[in-house]
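What follows is a set of notes on a single structure, which appears directly below.
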Amino acid sequence: MSNYTKDIDAVATLCEANGSSWNTINPESVARMRAQNKFKTGLDIAKYTADLMRSDMAAFDADKTKYTQSLGCWHGFIGQQKMISIKKHFNGQTDRRYLYLSGWMVAALRSDFGPLPDQSMHEKTTVASLVEELYTFLRQADARELGGLFRELDAAREAGDTAAQATIQDKIDNHVTHVVPIIADIDAGFGNAEATYIMAKQMIEAGACALQIENQVADEKQCGHQDGKVTVPHADFHSKIRALRYAFLELGIDNGIIVSRTDSEGAGLTKEIAVVKEPGDQGDRYNSFLDVEEIDVADMAEGDVCFNRDGKLVRPKRLPSGLYQFRQGTGEERCVFDSIEAIKAGADLLWIETATPNVQDIADMMNEVRKEIPDAKLVYNNSPSFNWTLNFRQQAFDAMVAAGEDVSAYDRAALMSAEYDETELSARADDKIRTFQADTAREANIFHHLITLPTYHTAALSTDNLAKEYFGEAGMLGYVAGVQRKEIRQGIACVKHQNMSGSDMGDDHKEYFAGENALKAGGAKNTSNQFN
């Protein structure tokens with residue numbers, strides 16, 4: 001017996017027990033509403049998606065072709081449309097496809113202060129609110145899809161088509177939810193470890209099963225692809241990792257996922273000299289990367305900060321800002337060190353922010369990490385901050401040079417030019433871009449590939465194209481040919497925007513609540529019928 005049928009029977013029994021005052025309650029309508037509300041709380045979602053993500057991690061350990069992917073979201077509608085589209089194009093399944101909540105997009109698009117740079121200046125609560133909003137829209141997608149199946153079931157019953165009834169009932173009983181894991185960006189924790197813990201709880205209660213935190217200083221935080229990044233000693237960062245774990249455990253999400261991100265590859269500064277308890281410990285190793293000079297006590301100036309290294313007095317290079325500088329060329333080594341220590345501190349997945357998308361560079365770092373942590377897995381940012389075309393064309397150019405091939409037809413500095421689009425070099429580069437995720441999953445143990453800001457860019461591009469046509473000579477044809485006609489022919493659900501906003505579900509509820517007295521919106525004069 002399906003849960004749907006069980007719910008009908010259970011509610012029927014409940015109605016009977018409550019007497020005649022419940023006679024107007026339709027048990028099947030209640031069962032439908034329960035099916036449309038599978039997840040009652042954000043913690044229900046977090047538990048379900050954490051189990052799903054852990055299962056995917058185990059599957060990836062066994063088969064490197066089973067990596068996962070996500071696209072960044074800044075609005076619930078965007079996340080909903082992604083999952084509806086995925087189900088449409090991939091046989092009704094959402095396997096290994098997640099959503100990513102980008103702190104950059106929250107700052108740029110969701111702050112009450114207006115557009116902000118990615119420097120943790122936006123309101124803390126906005127992040128958890130967006131997690132909740134995303135899941136509200138995903139749950140609504142479930143309710144809308146099931147509502148359509150319920151109407152199909154009623155029509156099959158009315159027609160007396162028992163075969164169709166059985167088919168539709170099976171679809172209802174085995175409905176695949178649009179709810180998937182969200183990897184949510186908590187930046188550098190928005191303060192100290194206590195602030196990190198409080199914010200993490202709010203995000204988990206909204207439904208987040210995976211939290212990504214970075215090793216930058218909270219009050220000096222920069223976007224991972226900009227200059228001026230400042231890291232913190234491992235002891236400080238690991239206290240925040242533990243804060244995340246405590247938040248998960250307190251709320252009963254025992255298998256919540258922590259993604260530890262290191263920005264050390266591009267971060268040349270630190271705010272603190274780490275505490276050293278004994279030679280060779282974590283703090284000592286952190287300090288070993290500092291740019292220092294050996295001095296005598298007599299050479300110390302007023303206000304100098306110096307420390308003992310191997311029995312010698314050294315003075316770290318300190319900038320006018322008060323920050324300390326690491327030695328040039330130590331970024332990759334520090335990334336490896338950060339990653340190993342983060343997993344030892346309780347992180348589940350790693351994130352190494354790189355300057356360019358290069359398979360070998362990423363693999364080199366991860367291979368070093370895996371010498372100590374064999375099953376270490378990476379989350380990788382397939383960032384729009386990279387010029388993918390130029391980077392991979394330059395990589396193809398360099399490979400051709402190394403192989404002794406003739407590259408005289410190409411200008412390496414100008415490879416972005418459209419004149420190269422139909423060349424052999426361009427074809428090789430595009431093929432490497434196409435296989436980049438599979439290649440790095442295999443070579444660098446990348447479990448999850450994400451694009452942080454895709455819909456920021458797609459919204460800008462599509463709006464630019466529409467504005468150019470609509471306000472130009474095409475006029476209304478700019479919208480009809482460029483948007484609506486494509487929506488209809490591609491079967492985009494939101495062409496019926498009234499349905500997407502919940503109008504049909506509202507009609508269902510009106511009928512449940514008012515019976516034949518219901519004033520419904522979906523009648524013959526509803527213009528959405530033009531899209532049937």
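Data for the structure
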item: Unique residue being under 17 Å from Gln216 (Cα atoms), part of a loop (DSSP other than H, G, I, E, B), of a type outside the set (Phe, Trp, Tyr) and touching a residue at least 60 places away in the same chain (Cβ under 8 Å) when the list is Gly266, Gly322; result: Gly266
item: Qualifying residue in region 423-439 (condition: aliphatic (A, V, I, L, M), surrounded by fewer than 16 Cβ atoms within 10 Å (Cβ to Cβ) and closer than 25 Å to Ala59 by Cα); result: yes
item: Glu302 over 22 Å from the mean Cα position of the chain (by Cα) and not in a loop (DSSP other than H, G, I, E, B); result: no
item: Residue among Ser383, Ser426 that alone is more than 19 Å from Asp263 (Cα to Cα) and among the small types (Gly, Ala, Ser); result: Ser426
item: Counted residues, region 101-112 - those being small (Gly, Ala, Ser), under 16 Å from Ala459 (Cβ atoms) and in contact with a strand residue (DSSP E or B) (Cβ under 8 Å, 6 or more places away or on another chain); result: 1
item: The listed residue being part of a helix (DSSP H, G or I), touching a strand residue (DSSP E or B) at 6+ places or on another chain (Cβ under 8 Å) and buried (at least 19 other Cβ atoms within 10 Å of the Cβ), out of Tyr98, Tyr135; result: Tyr135
item: Residue within region 470-477 that is surrounded by fewer than 15 Cβ atoms within 10 Å (Cβ to Cβ), under 22 Å from Ser85 (Cα atoms) and of a type in the set (A, V, I, L, M, F, W, C) present; result: no
item: Sole exception among (1) part of a helix (DSSP H, G or I); (2) under 25 Å from Phe137 (Cβ atoms); (3) modelled with pLDDT under 90 for Glu516, by number; result: (2)
item: Residue within region 4-17 that is free of Cβ contacts under 8 Å to residues at least 40 places away in the same chain, of a type in the set (A, V, I, L, M), closer than 23 Å to Glu145 by Cα and outside any helix (DSSP H, G or I) present; result: no
item: Pair list, Cβ under 6 Å, 6 or more apart: region 448-461 residue among the basic types (Lys, Arg), other residue surrounded by fewer than 20 Cβ atoms within 10 Å (Cβ to Cβ) and not in a helix (DSSP H, G or I); result: none
item: From Ala376, Ala396, residue being in the same structural domain as Glu424 (by TED's automatic domain parsing) and either part of a strand (DSSP E or B) or touching a strand residue (DSSP E or B) at 6+ places or on another chain (Cβ under 9 Å) (or both); result: Ala376
item: Index of the failed condition, Leu43 passing every other in (1) part of a helix (DSSP H, G or I); (2) within 17 Å of the chain's Cα centre (by Cα); result: (2)
item: Check on Ser339, surrounded by 15 or more Cβ atoms within 10 Å (Cβ to Cβ), modelled with pLDDT of 95 or more and part of a helix (DSSP H, G or I); result: yes
item: Selection count where residues are surrounded by fewer than 17 Cβ atoms within 10 Å (Cβ to Cβ), not polar (S, T, N, Q) and not in a helix (DSSP H, G or I), scope region 155-182; result: 3
item: Flag if Ala347 is assigned to a loop (DSSP other than H, G, I, E, B), touching a helix residue (DSSP H, G or I) at 6+ places or on another chain (Cβ under 8 Å) and either on the phi < 0 side of the Ramachandran plot or polar (S, T, N, Q) (or both); result: yes
item: Selection count where residues are within 23 Å of Thr136 (Cα to Cα), assigned to a helix (DSSP H, G or I) and not basic (Lys, Arg), scope region 46-71; result: 7
item: Subset of region 269-287 (residues that are surrounded by 15 or more Cβ atoms within 10 Å (Cβ to Cβ), assigned to a loop (DSSP other than H, G, I, E, B) and of a type outside the set (D, E, K, R)); result: Ile273, Ala274, Val276
item: Counted residues, region 96-147 - those being touching a Ser or Thr at 6+ places or on another chain (Cβ under 9 Å), acidic (Asp, Glu) and within 30 Å of Met33 (Cβ to Cβ); result: 1
item: The lone exception for Ala438 - which of (1) of a type in the set (A, V, I, L, M, F, W, C); (2) in contact with a helix residue (DSSP H, G or I) (Cβ under 9 Å, 6 or more places away or on another chain); (3) within 30 Å of Met53 (Cβ to Cβ) it fails; result: (2)
item: Residue within region 110-122 that is in a helix (DSSP H, G or I) and either crowded, with 22+ Cβ neighbours inside 10 Å or not aromatic (Phe, Trp, Tyr) (or both) present; result: no
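Every residue, every condition in (1) touching a residue at least 60 places away in the same chain (Cβ under 8 Å); (2) in contact with a Lys or Arg (Cβ under 9 Å, 6 or more places away or on another chain); (3) farther than 18 Å from Gly346 by Cβ; (4) not acidic (Asp, Glu), yes or no:
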site: Leu244; (1), (2), (3), (4): no, no, no, yes
site: Asn255; (1), (2), (3), (4): yes, yes, no, yes
site: Ile258; (1), (2), (3), (4): yes, yes, no, yes
site: Arg261; (1), (2), (3), (4): yes, no, no, yes
site: Thr270; (1), (2), (3), (4): no, no, yes, yes
site: Gln282; (1), (2), (3), (4): no, no, no, yes
site: Glu294; (1), (2), (3), (4): no, yes, yes, no
site: Arg309; (1), (2), (3), (4): no, no, yes, yes
site: Arg315; (1), (2), (3), (4): no, no, yes, yes
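The rows are residues; the columns are (1) at pLDDT 95 or above; (2) assigned by TED's automatic domain parsing to the domain that holds Pro384; (3) of a type outside the set (A, V, I, L, M, F, W, C).
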| site | (1), (2), (3) |
| --- | --- |
| Ala62 | yes, yes, no |
| Thr68 | yes, yes, yes |
| Cys73 | no, yes, no |
| Lys82 | no, yes, yes |
| Ile86 | no, yes, no |
| Thr94 | yes, yes, yes |
| Tyr98 | yes, yes, yes |
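Let's see how each residue does on (1) within 26 Å of Asp348 (Cβ to Cβ); (2) without any contact (Cβ under 8 Å) to a residue 12 or more places away in the chain:
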| position | (1), (2) |
| --- | --- |
| Ile373 | yes, no |
| Ala376 | yes, no |
| Ser383 | yes, no |
| Trp388 | no, no |
| Asn391 | no, no |
| Gln394 | no, no |
| Met400 | no, no |
| Asp406 | no, yes |
| Ala409 | no, no |
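The values are calculated or read from the model by the stated rules, or taken from the named source; none is laboratory data. Just so it is clear, the model here is predicted, and its values are computed rather than measured. Neighbour counts run over all protein chains shown; Cβ positions are idealised from the backbone, glycine included.
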